[in-house]
1. If a residue has to be of a type in the set (A, V, I, L, M, F, W, C), part of a loop (DSSP other than H, G, I, E, B) and in contact (Cβ under 8 Å) with a residue 24 or more places away in the chain to count, how many in region 61-84 make the cut?
2. Please go through region 135-151 and give me each residue that is among the β-branched types (Val, Ile, Thr), crowded, with 19+ Cβ neighbours inside 10 Å and under 16 Å from MET55 (Cα atoms), ordered by number.
3. Could you please find all residues in region 29-46 being of a type outside the set (A, V, I, L, M, F, W, C), in contact with a helix residue (DSSP H, G or I) (Cβ under 7 Å, 6 or more places away or on another chain) and modelled with pLDDT of 95 or more?
4. Pairs only if they're at least six apart or on different chains, beta carbon under 8 angstrom, first in region 191-208 and in contact (Cβ under 8 Å) with a residue 40 or more places away in the chain, second assigned to a helix (DSSP H, G or I) and surrounded by 11 or more Cβ atoms within 10 Å (Cβ to Cβ); list them, first residue then second.
5. What pairs come up if the first residue lies in region 24-40 and is acidic (Asp, Glu), the second is surrounded by 15 or more Cβ atoms within 10 Å (Cβ to Cβ), and their beta carbons are under 7 Å apart, counting only those six or more places apart or on different chains?
6. Which of the numbered conditions does GLY129 fail, given that it passes all the others? Conditions: (1) out of contact with any Phe, Trp or Tyr (no Cβ under 8 Å at 6 or more places or on another chain); (2) closer than 19 Å to THR195 by Cα; (3) in contact (Cβ under 8 Å) with a residue 12 or more places away in the chain.
7. Which one is surrounded by the fewest Cβ atoms within 10 Å (Cβ to Cβ), of the residues in region 5-23 that are among the β-branched types (Val, Ile, Thr) and without any contact (Cβ under 8 Å) to a residue 24 or more places away in the chain?
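The values are calculated or read from the model by the stated rules, or taken from the named source; none is laboratory data. Here the structure is a predicted model, which is why all the values come from computation and not from measurement. Reconstructed Cβ throughout: ideal geometry from the backbone, glycine too, with neighbour counts over all protein chains shown.
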Amino acid sequence: MFDMEHGPYSIENVSDVAKVARSVGLGIFARVPELAKGYVSRLMDAGVQGIMVPMLSNRAEAQQLVGWARYAPVGKRGLASNAEFTDFGGMGSDAMSFMAEQNRRTLAIAQIETAEAIEKIDEIAAVEGIDVLLIGANDLAVSLGVPGDTMGKVTQDAIGKVADAADKNGKVFAIHSGDAMLEKWNSRMKMVMNTLDVDVLKNGFASIAAKYQQEPK
């Protein structure tokens, strides 16, 4: 998952990695900086298979995401024919079958991390074409007025509402968080986001240092 909300990545960066990822069968996703056609549709054309929109908070925003990420009849995505997302193979002679197959391969991920989204979670979850309701626990806690208290009752009750809405509407429930949160909700999740590349590197180097570093004499 390329984080274009907080990270420095450009569409060109992601496009380069998407070519490699697709060639080896590795899924590639992006969190866009904001809900905008210029990000959603262009990144899909650049080869990304799933788009996550941060702080998606109501039905209208969910419908916009679907409209820009999916082809007709579900959405309104513009039909490009020979780009990274087709592996430069074009769409063939049957446009309807091509669009249906691309829709099947696309993930539209609503990141639920605002108090408004919790209040309106049932209407968000009911939108056709939204696949995943993914909790952003840190920002959700801030929006609920309990910054930093992601494991407390207020935040956990809100997360439970999202999980229930996902089950009711046949959506995937997911969380981006650390181990304690993921272990608590593991039985209800079908998609997991855990840790960051920088943390993987930091922890790996720290374990090597701890193994070989000598105590001062």
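1. So the count comes out to 4.
2. If the condition is that a residue be among the β-branched types (Val, Ile, Thr), crowded, with 19+ Cβ neighbours inside 10 Å and under 16 Å from MET55 (Cα atoms), then ILE135 is the only one that fits.
3. Residues satisfying the conditions are PRO33, LYS37.
4. Correct list of pairs: empty, since none qualify.
5. So the pair list comes out empty.
6. Answer for GLY129: the failing condition is (2).
7. For region 5-23, the residue satisfying everything is VAL20.
Here's the yes/no breakdown for (1) surrounded by 15 or more Cβ atoms within 10 Å (Cβ to Cβ); (2) touching a strand residue (DSSP E or B) at 6+ places or on another chain (Cβ under 8 Å):
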{"position": "PHE85", "(1), (2)": "yes, no"}
{"position": "SER93", "(1), (2)": "no, no"}
{"position": "ALA108", "(1), (2)": "yes, yes"}
{"position": "ILE112", "(1), (2)": "yes, yes"}
{"position": "LEU133", "(1), (2)": "yes, yes"}
{"position": "ASP164", "(1), (2)": "yes, no"}
